Every structure is written in structure tokens, then in C-alpha cells.
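Data block below; observations after.
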């Protein structure tokens with residue numbers, strides 16, 4: 001099912017024309033489909049329905065409160081990587097007993113906040129973190145539930161910046177050290193071993209790397225059982241990719257079924273941590289053409305969105321489909337779609353065949369993941385507004401920042 005369609009010669013989100021949103025909110029702005037979010041979540045929840053499970057949305061992909069609230073209402077868990085994300089999930093109505101805390105650099109203050117909230121589990125990523133968490137929990141008079149994020153040294157065959165399961169990665173504990181570290185954790189008085197975790201990367205479009213990682217993980221679970229260490233949940237991580245251009249990621253059900261075949265009749269609860277595949281294709285970035293520059297070698301469409309709004313093209317050389325809100329008849333040209341930021345890397349799309357005029361609206365597709373959550377104020381640009389569409393209505397779920405808000409914490413020298 002698609003939630004972004006052409007109606008009456010213009011692009012709509014569910015039942016709302018994009019032009020209507022632009023008139024009300026100006027551009028650039030992010031726009032999300034609530035129905036698309038719900039559909040993406042249910043694909044995982046339904047595929048896992050025959051097992052005791054918890055879908056933990058990876059908050060870093062898109063941390064808008066309204067997005068989190070939609071998932072919380074569906075019963076979602078959450079995978080967080082900071083104290084700020086913990087606060088967001090709680091503010092959005094998330095159940096702390098459905099939160100797993102990942103990340104390689106948890107501070108003592110973040111650990112204290114998560115213990116006070118009563119989260120489900122800490123996904124521990126180093127021996128030093130085990131020792132720190134044990135001390136923080138002791139000082140708080142609590143027992144911290146832990147799993148180890150085990151690095152299986154599996155090549156996810158994805159962009160090197162988002163591959164996390166190789167030996168040289170900063171993430172997780174080395175596979176060969178895991179048995180010893182589980183033994184150490186089991187002996188710490190303020191830790192309770194409850195799970196095992198693995199995450200090998202993001203934007204994966206093939207199933208075999210997931211299977212290879214899970215098989216190594218299950219072998220370790222059996223070794224732990226032989227050593228008397230009981231694992232109550234297995235966290236299979238996330239990372240399933242989406243279609244941006246010509247990728248062919250497997251359906252969620254095929255991915256889950258393949259992992260289910262490895263799991264067999266194991267009794268442990270299954271956790272998963274999808275991020276991009278829950279939100280990536282549920283949102284767009286709406287922008288307006290400010291200027292057209294036609295040259296001998298290149299044509300440029302200068303739009304009001306920029307690399308500070310959507311970092312992925314500049315950071316990863318990522319490709320996003322770009323669609324005109326109103327399709328024009330006539331001759332098209334090849335354009336570089338660029339923003340006003342003073343960097344040659346400030347582009348949203350290269351070599352795109354489009355028929356454009358100044359003032360036209362463009363939709364940057366598949367921008368729901370790692371769009372707004374990675375945005376910045378570079379060049380003193382206020383961050384974009386965010387809008388949630390539900391049927392024939394839309395709601396502003398983040399107002400556009402103002403200049404006064406940008407400088408509110410700054411002061412001149414005395």
C-alpha cells in the first residue's frame with residue numbers, strides 16, 4: 001500500500017494535498033503519514049505474532065514525539081541510545097518496561113536515569129561499561145538488568161559508516177570475549193543477566209547476513225546455558241533496509257520467517273530493533289524551488305531545503321527520489337538539486353530529469369528516517385517544521401524554530 005499518491009494532478013499524503021500543507025506551514029518541512037507508520041509497525045508485530053516478542057523501535061531514526069506516541073499507542077517497545085531519547089520516549093507515553101538502552105558511551109547520569117525509570121534492559125557494549133553499571137546500580141540500591149551486545153564479525157555488506165558488526169567496529173563486545181564477560185556479569189552483585197543482543201548494521205537488503213549473525217548468537221546462548229547462565233530474551237537487532245531507488249529489500253515477513261527457522265522452538269522472548277524500516281518510507285521533505293541557474297555544463301535548481309535539513313546525500317552520497325508536487329508538461333532538463341548552504345556538498349539530488357519553474361514544490365521522498373533526527377542549525381538555519389497527516393487532516397507536530405530560539409542559550413561577552 002502506498003500513502004503518497006497523485007490526485008487531481010498533484011502529490012498528496014493520504015488525503016491531504018502537499019500544496020495545502022506548504023501554504024499552512026511554509027517550506028522546508030517534514031511530513032509523515034500516520035497510516036504508513038502504523039502499517040510498518042504491524043508488519044513486524046504480525047510476523048512475530050506466533051512468538052513471545054517485543055518490537056523495539058530504534059528511536060535514533062526519527063525521535064519526534066508524535067512519531068514515538070503513534071508507536072507507543074500500538075504497544076511498541078523502544079531502543080534508545082541516550083538519556084535524551086529516554087526522556088523523549090517517556091514524554092511520548094512509552095512504557096519504560098519496554099525500553100532497551102543501547103550505545104557504547106552511556107554516562108553514569110544516563111544509567112541513573114534509566115534505572116530510576118525502570119527500563120527493561122541495558123544492552124552493554126564493553127567490559128568497562130559492565131563495571132560502571134554495577135557500581136551505579138549499587139549506589140542506587142538497584143539491580144540492573146543486562147544483556148551483552150555481541151559482535152559476531154559478520155559483514156553486513158552495507159555502507160561502511162553504518163556497518164556495525166565487524167571486528168574493527170566500536171560497537172559491542174568481541175564474540176570470543178562474550179562467554180568470559182557473561183560470567184563476569186553473572187558474578188556482579190548489582191547486575192542481573194537477562195538477555196543477549198546483536199546488531200550488525202543498517203540498510204541491509206539481504207537476509208543471509210542476519211541468519212549468519214543469529215546462528216553465531218544461538219551457539220553462544222547454548223554455551224551460556226551449559227555454564228549455568230540463563231538467557232530469557234534474544235534481541236535480534238534491526239537493520240532491515242528500505243527501497244530508496246532500486247534496492248530490493250525482502251518483505252518483513254520473509255526476514256522474520258528466516259530468523260524464525262533458526263530460532264526453532266526456543267522458549268526465549270524475541271526482541272527486535274527496527275528503525276529505518278519503520279519510518280523511512282513514511283515521510284518526505286517538502287521544499288520549494290527558489291532559483292533556477294542554467295549553465296553550459298550544469299543546471300542548478302536552488303531549493304530552500306539544504307544539507308542541514310537532510311544530511312544523508314552529503315554524508316553518504318545517498319540517493320532520494322525527488323518528485324514535483326505538480327507535474328509540468330513540456331521539455332525537461334537535467335538538474336542538480338542544491339540548497340543555499342555555503343558548501344559544495346550541499347546537494348539533495350544530482351543529475352535529475354525534471355521540468356521546473358521557480359516557485360515549484362518538490363517532495364524529497366523516503367526522508368522519514370535519519371532526516372530530521374540528523375538535522376542541524378548550520379549557517380544559522382532554523383530547523384524545519386514537522387507535520388503528521390492522518391486521513392484528511394494534518395497536525396503540526398513540531399513548529400519551525402525561530403532565530404530567538406536558536407540564540408536563547410547564547411550571550412555576548414561582558
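Among the conditions (1) in contact with a strand residue (DSSP E or B) (Cβ under 8 Å, 6 or more places away or on another chain); (2) modelled with pLDDT under 95; (3) within 30 Å of residue 358 (Cβ to Cβ), residue 266 misses just one, which is (3). If you check residue 109 against the conditions, is it surrounded by fewer than 21 Cβ atoms within 10 Å (Cβ to Cβ), modelled with pLDDT of 95 or more and assigned to a helix (DSSP H, G or I)? Judged against the criteria, residue 109 is a match. Considered as a group, the residues in the range 313-355 that are assigned to a strand (DSSP E or B) and touching a residue at least 60 places away in the same chain (Cβ under 8 Å) include one that is surrounded by the most Cβ atoms within 10 Å (Cβ to Cβ), and that residue is 348. Just to be sure before I move on: is residue 301 crowded, with 24+ Cβ neighbours inside 10 Å, outside any strand (DSSP E or B), more than 16 Å from the chain's Cα centre (by Cα) and not assigned by TED's automatic domain parsing to the domain that holds residue 53 in the structure I sent? Against the criterion (crowded, with 24+ Cβ neighbours inside 10 Å, outside any strand (DSSP E or B), more than 16 Å from the chain's Cα centre (by Cα) and not assigned by TED's automatic domain parsing to the domain that holds residue 53), residue 301 does not qualify. Among the candidates 213, 225, 261, the residue that is farther than 30 Å from residue 372 by Cβ and out of contact with any helix residue (DSSP H, G or I) (no Cβ under 9 Å at 6 or more places or on another chain) is uniquely 225. A single entry from 219, 228, 239, 264 fulfils the requirement of being assigned by TED's automatic domain parsing to the domain that holds residue 97 and closer than 30 Å to residue 396 by Cα: 239.
Return yes when residue 252 is touching a residue at least 24 places away in the same chain (Cβ under 8 Å), surrounded by 15 or more Cβ atoms within 10 Å (Cβ to Cβ) and under 23 Å from the mean Cα position of the chain (by Cα) and no when it is not. Yes: the conditions hold for residue 252.
The conditions of being touching a strand residue (DSSP E or B) at 6+ places or on another chain (Cβ under 7 Å), in the same structural domain as residue 192 (by TED's automatic domain parsing) and either assigned to a helix (DSSP H, G or I) or surrounded by fewer than 20 Cβ atoms within 10 Å (Cβ to Cβ) (or both) are not met by residue 104.
Taking (1) buried (at least 21 other Cβ atoms within 10 Å of the Cβ); (2) under 21 Å from the mean Cα position of the chain (by Cα); (3) closer than 25 Å to residue 326 by Cβ in turn, residue 365 satisfies each apart from (1). Residues being touching a residue at least 12 places away in the same chain (Cβ under 8 Å), under 22 Å from residue 131 (Cβ atoms) and in a loop (DSSP other than H, G, I, E, B) are represented in the range 219-227 by at least one member.
The values are calculated or read from the model by the stated rules, or taken from the named source; none is laboratory data. Quantities reported herein were computed from a predicted structural model and do not represent experimental measurements. Methodologically, a virtual Cβ is constructed for each residue, glycine included, from the backbone with ideal geometry; neighbour enumeration extends over all protein chains shown.
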